[in-house]
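The block underneath contains the structure these notes are about, expressed in structure tokens.
Derivation of every value follows stated rules applied to the coordinates shown; laboratory data play no part. Predicted model, so just to flag it, every value in this text is computed and none were measured. Positions of Cβ are generated from backbone atoms using ideal geometry, with glycine treated the same way; all protein chains shown enter the neighbour counts.
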Amino acid sequence: MGALFEGRKRFPDLSPLSPPSKKAKTSSPPSVLHRTAPERRFPPMAPIRRPIHGPQRVVRAFGFGSGWKPRPEVRIWRSGSGAEVESVEGLDLDEYRRLVVEVEEAEAPTASEAVTVDLRGLDLEAAEEEAAPMEEEEEEESPKSSRRRRVPLYRELYLESWRKHDSRIRDLEFEVRLAEKRILGFQLVEKKREEGPLETFAPLTDEDEQEVDCAIRGGKRQELLVVHGASGIEITREALRCLKGGAWLNDEVINLYLALLKERERREPKRFLKCHFFNTFFYKKLMSGRNGYDFKAVKRWTTQRKLGYSLIDCDKIFVPIHKEVHWCLAIINVRDKIFQYLDSLGGMDKMVLRALARYFADEVNDKNNKQIDTMSWGQETVDGLPLQENGWDCGMFMLKYTDFYSRGLSLAFAQEHMTYFRKRTAKEILKLKAE
């Protein structure tokens, strides 16, 4: 066996150029050792696509394009009616160049289409200065053209990126937006002020400013500043300091101001609506029962002897609502038969309105011996309600809701006016007279 394999290769060369060995002829069948490698036939090469970064023009005139397949060479020449196509057997390099020139001339871009320009090595600033008059002339000729840019695109992108990453630009843009918002707010107020009396925004005199500043900031905290005889409310310097900016309003200031609004109505009944102003303790007392509602607890608050009128004869009844750290206002609108809820944070509490609907029905039944169906009255929030933009002006918003609605006016104020309203409220409390 060893002699048989002595002269044989482990892997015989099947190349047609190498002849088979003589020992292999005598020791192996010729059908196995005399075979040659078959000739490999490759499929025709696909057309070479044009580079991606090059202009991708579909030349449909002679069959090139995205769906191009090999076809006989063609020759194109121009005639009076356009390009014509004719099949030929050969197409040399010169003819192909002429063919490309012919197609490019046939598909030359019009004046309204964008033209690609190589900007390498070009002075952009000089090019812009030279192109500026030409662009102006073209814009005059075609003012409706939307493809013309007065500012180059690369400059727009650069400026946009610069604005995003520059903190100073962001701060300035925020201040501009804030100023625009304030201007719009003042314009809205000025527009609405024309509809109502100017007393709602009467400016404070220098003496008023000085008096308010001295009452809030100077002297001892426990010093008694004013006493309201009808309600028995006493205002100390410490209590009045809640009208400083950034402070929450307390019960004494709110209740005294509501009492002053009622006195203002009595002085000039023709100028103001007939209203009743409950104090800040009414709703708490009404809901102090075991089951959450107790009419008997507030039954004697509105007797004819105390008020001199019945609640059913009022146009509007104002009820301050205190929710731990937030002031809201509920209104029993007797004239329009509707219950309103005003929250400077934009909220809504229908449980409060249902309790007031039940109370008013019991009140009319008890004082006037009438049965009214208050459950059929509407419940709503006020459209366009001015909202607070901080965490401490809810009490002032509630007072100004009451002030404006008792005048029969729309709520034509905003967050920007709260500093003025705080000073004005302090002045009216010190003088014990609401204007």
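Quick look at the numbers
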read-out	value
Cα shape, segment 239-290, gyration tensor, a/c 1.5 rule	oblate
Cross-link pairs Lys274/Lys367; Lys296/Lys323; Lys181/Lys423; Lys220/Lys262 - those with Cα-Cα distance over 20 Å	Lys296/Lys323; Lys181/Lys423; Lys220/Lys262
Cβ-based exposure ranking for Met396, Met348, Met375, in which fewest neighbours within 10 Å come first	Met375, Met348, Met396
Extension reserve of the Met351-Thr381 stretch, reckoned as 0.36 nm per residue once the Cα distance is removed	9.4 nm
Fewest-first ranking of Ser167, Ser310, Ser410, using other Cβ atoms within 10 Å as the exposure measure	Ser167, Ser410, Ser310
Selection of chymotrypsin sites (Phe, Trp or Tyr not before Pro), segment 295-379, meeting DSSP coil and at most 16 other Cβ within 10 Å	Tyr309
Pair Glu156, Ile338: separation of 7 Å Cα→Cβ label points (nm)	4.7
Residue order, fewest to most beta carbons within 10 Å, for Tyr401, Tyr420	Tyr420, Tyr401
Gained length - Asp251 relative to Ser231, 0.36 nm times residue gap less alpha-carbon distance	5.9 nm
Model label zone, Glu435; criterion: amide N under 14 Å from point 7 Å along Cα-to-beta-carbon; scope segment 212-236	212
Residue-count net charge about Val364 - beta-carbon cut-off 11 Å; Lys, Arg +1, Asp, Glu -1	-3
